[in-house]
Amino acid sequence: MKKSIRIIFALVFIVILSNCNEAKKELQILTNIEDARKFVSESFNEKEETLLISDKLNDGLGLNMAIIGDGILKKGYMPDGFIQKEGYRIYKYKKE
């Protein structure tokens, strides 16, 4: 009985670890519009999402973020703030 319980716990632990690895996205600082748009189209599928954008893309008029944000809004996400870091911003989005 004890051995079978250990095996069950081990299997549950392995399943939990494997699911954590699948859900974990590799976040990288995006430095061009094409990569950012591709990341949004391929990776935005959770209720809350995060986008790391290089300061190089944050132009004075906001045109680059408007282009990137168009795809984000089309997927049903709304902005949920940002955090300024050294050389990049972390943008947060939520989907209801």
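The values are calculated or read from the model by the stated rules, or taken from the named source; none is laboratory data. Computed from a predicted model, the values in this text were never measured in an experiment. A quick note on method: Cβ atoms are made from the backbone with ideal geometry, for glycine too, and the neighbour counts reach across all protein chains shown. Only protein heavy atoms, including side chains, enter the accessible area calculation; ligands, DNA and RNA are left aside. Shrake-Rupley method; radii C 1.70, N 1.55, O 1.52, S 1.80 Å.
Structural remarks
- If you go through segment 48-62 and pick out every residue that is over 13 Å from the mean Cα position of the chain (by Cα) and either closer than 12 Å to Leu30 by Cβ or at pLDDT 95 or above (or both), you end up with 5.
- Here Lys75 passes the criteria (1) under 12 Å from Tyr91 (Cα atoms); (2) at pLDDT 90 or above except the one numbered (1).
- When residues of segment 62-78 are limited to those that are open to solvent by 30 Å² or more (accessible area, probe 1.4 Å) and aliphatic (A, V, I, L, M), the one farthest from Glu46 (Cα to Cα): Leu63
- Residue list for segment 29-61, filter: surrounded by 11 or more Cβ atoms within 10 Å (Cβ to Cβ) and assigned to a loop (DSSP other than H, G, I, E, B): Ile29, Thr31, Asn32, Phe44, Glu46, Asn58, Asp59
- Which numbered condition Ile5 misses (of (1) exposed (fewer than 10 other Cβ atoms within 10 Å of the Cβ); (2) at pLDDT 70 or above; (3) of a type in the set (Val, Ile, Thr)): (2)
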